[in-house]
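Student: Input: one structure, supplied below.
Please treat every number below as a calculation from the coordinates, not as lab data. Note that the coordinates shown come from a computational prediction; the quantities given were computed from them, not determined experimentally. Positions of Cβ are generated from backbone atoms using ideal geometry, with glycine treated the same way; all protein chains shown enter the neighbour counts.
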2 protein chains.
Amino acid sequence: MDTTNPRRRRKQARPAELLAAALDTFRDKGFATTRMEDIAARAGVSKGTIYLYYPSKQAVFEALVRESILPNLARLEAIQAAASGSCADRLRLFVRSLAEATADARIFAIPKLVLTEAGNFPELARFYRQEVVARGLAMVAGLLEEGMRRGEFRQVDAGLAARLFIGPVMLAALWRSTFGAIEETPLPSGAMLDLHLDLFLRGIAAEAQP
Amino acid sequence: MDTTNPRRRRKQARPAELLAAALDTFRDKGFATTRMEDIAARAGVSKGTIYLYYPSKQAVFEALVRESILPNLARLEAIQAAASGSCADRLRLFVRSLAEATADARIFAIPKLVLTEAGNFPELARFYRQEVVARGLAMVAGLLEEGMRRGEFRQVDAGLAARLFIGPVMLAALWRSTFGAIEETPLPSGAMLDLHLDLFLRGIAAEAQP
DNA sequence: CGTTAATGACTGACCGGACAGTCAGTAAGT
DNA sequence: ACTTACTGACTGTCCGGTCAGTCATTAACG
């Protein structure tokens, strides 16, 4: 494939440019309300061009969701794989990475879109739950189980605890994306994270051995 | 007002019927995707009738959100006002009432709609945040502060802790409403609530006095 | 009573604008 | 000359909102 030719380079670059433009537009207006012309304009292209790369509006949306997963999830997994230390420390690291990712509106837009459109795109919802959510939860649950084996943590249901661990982080991101434009004083995310870690780790800590 | 006359009774009953139909339709398909005819059909009425009671689709949505608040929030506040016992016990009661309410798809549909449409209806979002979310958070924060004064709980930021307390409950409801139709084995809500209360109350409990 | 007029909740055909998707044409590159 | 990425005017459809008309009920009148 000739990648030095600017025209062919365009053709290679287009899909990513289009998805980036689609992401921004969907994020601002939601799926149903954005027009193909909006996406095209944002990508600096005419409406017809989109149809050279994606057969329909729905296809753009699905491609967007599918393409946006791997980079971020892989990054989280890489960070986690490289981590060492106590399970508590690795949980701290995980929640910080997750909070950082969800604080970026460009990243958090995807789960939010899946959330709002799951009813209209059940296949996509199923895909997302399996490929993203389940994997993320499994990472946390694995960490918790290791902590239990090591005696760092009490014995609890790891799957449930993983959800409880992630819940406040996701809710904070949702809060920002919902009320962020309205709110005068933003949530103190750092303080909230610290408190969450403090409460959770105390809550799950093994009883002190006498 | 003559309420015995069946024709006038209709006129009284219509708005509530229309809002109920609108709620179900919005819940299934989202705001942008539902057609006025869908709502009308569900209410057993023709499209024109809706416009005798509400001037626009947006007005239907706003009326729906505004009308649906007070009953449920008031119920929560009443339950809480009547409660006695330790702050921990009252937190348990609160979270159970909240979980029960959010488990009802007809009730949880409203916050979910606000969440997804906040961008398109900023005024409504502001209203909801002030009249519902802030009041709910204040209830929990007040309870936590009382617990701190009494020495039941450690000193922490009550506003943040209130969000952390509610986070998992809301996320569980969101999970159900997003993946509920897809999932084979539903979340064990009861067990999850118990674990959440267990972890949170341990996490916030005052250190045992020697 | 029986007849007629008035009321008003409700209907559904219709209008106009918006928008997803198409395709004949353009021009840049080789 | 030929390929090909791209354009944008055009089409068909869909849907929010309108409004002239229907019909059951009620009120007024003889």
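Student: Residue farthest toward the positive end of the dipole of the range B:65-204, with Cβ of Lys/Arg at +1 and Asp/Glu at -1: which of B:V114, B:A81, B:G190?
Tutor: Positive-end residue among those listed: B:A81.
Student: For A:Q130, put the label point 7 Å out on the Cα→Cβ axis and report which residues of the range B:154-198 keep their amide N under 13 Å from it.
Tutor: Under 13 Å, as judged by backbone N against the label point of A:Q130, lie B:183-184 of the range B:154-198.
Student: To two decimal places, what compactness ratio does the range B:133-181 give when its Cα radius of gyration is scaled by 2.2 N^0.38 Å?
Tutor: Dividing the Cα Rg of the range B:133-181 by 2.2 N^0.38 Å gives 1.40.
Student: In degrees, nearest 10, range 0 to 90: what is the angle between the Cα axis of helix A:158-179 and the longest Cα principal axis of chain A?
Tutor: The two axes meet at around 50 degrees.
Student: Let me ask something additional. Once you've got the Cα coordinates, tell me which of A:K57/A:K112; A:K47/A:K112; A:K47/B:K57 are over 24 Å apart.
Tutor: A:K47/A:K112; A:K47/B:K57
Student: Which whole number gives the average count of other chain Cβ atoms within 10 Å of the Cβ atoms across peptide B:128-140? Please list the in-between numbers first.
Tutor: Numbers: counts 2, 5, 1, 0, 0, 3, 0, 0, 0, 0, 0, 0, 0.
What the average comes to for B:128-140 is 1.
Student: Could you size up the charge dipole of chain A around its Cα centre, putting +1 on the beta carbon of Lys and Arg and -1 on that of Asp and Glu, and report it in debye to the nearest 20? Show your work: numbers first, answer last.
Tutor: Details: 28 positive and 24 negative charges, 170 e Å.
The calculated dipole for chain A is roughly 820 debye.
Student: Please find the FRET efficiency linking B:E37 to A:A20, where r is the Cβ-Cβ separation and R0 is fixed at 35 Å, and quote it to the nearest 0.05.
Tutor: For B:E37 and A:A20, the calculated efficiency is 0.45.
Student: While we're here: Per residue of A:121-127, what is the mean number of Cβ atoms on other protein chains within 10 angstrom of that residue's Cβ?
Tutor: Counting other chains' Cβ atoms within 10 Å and averaging over A:121-127 gives 2.
Student: May I ask for the distance between the Cα centers of the range B:162-210 and the range B:49-109, given as a whole number of Å?
Tutor: Cα centres, the range B:162-210 to the range B:49-109: 19 Å.
Student: Taking the number of other C-beta atoms within 10 Å as the exposure measure, put A:Y128, A:Y53 in order starting with the fewest. Don't skip to the answer; put the middle values down first.
Tutor: Values: A:Y128 24, A:Y53 16.
Exposure proxy ranking, most exposed first: A:Y53, A:Y128.
Student: Another question, then. How far, in degrees from 0 to 90, does helix A:57-82 lean away from the longest principal axis of the Cα atoms of chain A, to the nearest 10?
Tutor: Long axis of A:57-82 versus the principal axis of chain A: about 40 degrees.
Student: Find, among the trypsin sites (Lys or Arg not before Pro) in the range A:50-135, those assigned to loop by DSSP (not H, G, I, E, B) with at most 11 other beta-carbon atoms within 10 angstrom.
Tutor: Taking the range A:50-135 and a limit of 11 other Cβ atoms within 10 Å, no loop trypsin sites (Lys or Arg not before Pro) are found.
Student: Can you tell me, using C-alpha contacts under 8 Å and at least 6 residues apart, the relative contact order of the range A:7-158 as a whole percent?
Tutor: Once normalised by length, the contact order is 22 percent.
Student: In Å and on Cα atoms, what radius of gyration and Dmax does chain A show?
Tutor: 20.4, 73
Student: Ok, one more. Step through the residues of the range A:104-120 one at a time and calculate ³J(HN,Hα) from phi using the Karplus curve (6.51 cos²θ - 1.76 cosθ + 1.60, θ = phi - 60°), rounding each to whole Hz and writing x for Gly and Pro.
Tutor: 7, 4, 5, 7, 5, 4, 5, x, 4, 5, 4, 4, 7, 9, 3, x, 8
Student: While we're on this one: Between helix A:134-150 and chain A, what is the angle of the helix's C-alpha long axis to the longest principal axis, kept within 0 to 90° and rounded to the nearest 10?
Tutor: Rounded to the nearest ten degrees, it is 20.
Student: Need one number for the protein assembly as shown: average projected area of the convex hull over its C-alpha atoms, nm². All intermediate terms of the calculation are to be shown ahead of the outcome.
Tutor: Values: hull surface 105.0 nm².
Hull-based average projected area comes out at 26.2 nm².
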